[in-house]
1. Being open to solvent by 90 Å² or more (accessible area, probe 1.4 Å) and over 15 Å from Val138 (Cα atoms) is the filter here, so list the residues in the stretch 89-101 that pass it.
2. Restricting the first residue to the stretch 21-46 and requiring it to be in contact (Cβ under 8 Å) with a residue 12 or more places away in the chain, which pairs with a second residue that is assigned to a helix (DSSP H, G or I) and open to solvent by 70 Å² or more (accessible area, probe 1.4 Å) meet a Cβ separation below 6 Å and a spacing of at least six or different chains?
3. Can you tell me which of (1) under 14 Å from Gly37 (Cβ atoms); (2) open to solvent by 50 Å² or more (accessible area, probe 1.4 Å); (3) out of contact with any helix residue (DSSP H, G or I) (no Cβ under 7 Å at 6 or more places or on another chain); (4) part of a helix (DSSP H, G or I) is the one Ser105 doesn't meet?
4. Would you be able to say whether some residue in the stretch 126-142 is closer than 20 Å to Gly15 by Cα and either hydroxyl-bearing (Ser, Thr, Tyr) or more than 17 Å from the chain's Cα centre (by Cα) (or both)?
5. Please go through the stretch 68-88 and give me each residue that is outside any loop (DSSP other than H, G, I, E, B) and either in contact (Cβ under 8 Å) with a residue 40 or more places away in the chain or open to solvent by 50 Å² or more (accessible area, probe 1.4 Å) (or both), ordered by number.
6. Name, by its number, the condition in (1) touching a residue at least 60 places away in the same chain (Cβ under 8 Å); (2) under 15 Å from the mean Cα position of the chain (by Cα) that does not hold for Val147.
7. Pull up the stretch 108-142, narrow it to residues that are open to solvent by 50 Å² or more (accessible area, probe 1.4 Å) and outside any helix (DSSP H, G or I), then point me to the one that is modelled with the lowest pLDDT.
8. Filter the stretch 15-56 down to residues that are assigned to a helix (DSSP H, G or I), surrounded by fewer than 11 Cβ atoms within 10 Å (Cβ to Cβ) and aliphatic (A, V, I, L, M), then give me how many there are.
Amino acid sequence: MDPAYFTPIPAAIGGALIGLAAVLLMALHGRIAGISGMVSGILAPLRGEGHSEFSWRLAFIAGMVLAPLIVSLVRGETVAISTPHPVWMMAVGGLLVGYGTRLGSGCTSGHGVCGVARLSKRSFVATGVFMVTAIATVFIIHQIAGV
């Protein structure tokens, strides 16, 4: 591993901010910071949910998208984005992850960050399944398929 990619201080700060956002969302709105649930609530809001439900979800997702852009503008640095895989492969992976979040009733943020912190047995199982599946997928793609 290239030491240039090992950034423990920014990673710790980012982790702390994710934890803080999850705690504040639970404390202020009584909601779990599960990104898949937020996005589905924006794309297909449930009947009876007020405008405030849509608004906080949209604000949270917008903050996730805009914050890195604002930081790069303030710092005067461009953010380089690269991937070793073709876009179609990432799109297929994204669709599979979306299907999996519905199948597992949540995503890594909802189960892995919030559910595990609440000591939810279901979230421990879901997070374990996420990790095993991710490890198997990387192994298959890199070692067997050679991509």
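1. Matches in the stretch 89-101: Leu95, Tyr99.
2. Every condition considered, the pairs that remain are Ile42/Leu58.
3. Failing condition for Ser105: (4).
4. Yes, the stretch 126-142 contains at least one residue that is closer than 20 Å to Gly15 by Cα and either hydroxyl-bearing (Ser, Thr, Tyr) or more than 17 Å from the chain's Cα centre (by Cα) (or both).
5. Taking the stretch 68-88 first, the residues outside any loop (DSSP other than H, G, I, E, B) are 68-75, 87-88.
Correct list: Pro68, Leu69, Ile70, Val71, Leu73, Val74, Arg75, Val87, Trp88.
6. (2)
7. Arg118
8. Qualifying residue count for the region: 5.
The values are calculated or read from the model by the stated rules, or taken from the named source; none is laboratory data. Since we're looking at a predicted model, the values are computed, not measured. Note that each Cβ is placed from the backbone with ideal geometry, even for glycine, and that neighbours are counted across all protein chains shown. Protein only, heavy atoms only, side chains kept; ligands, DNA and RNA dropped before computing areas. Shrake-Rupley method; radii C 1.70, N 1.55, O 1.52, S 1.80 Å.
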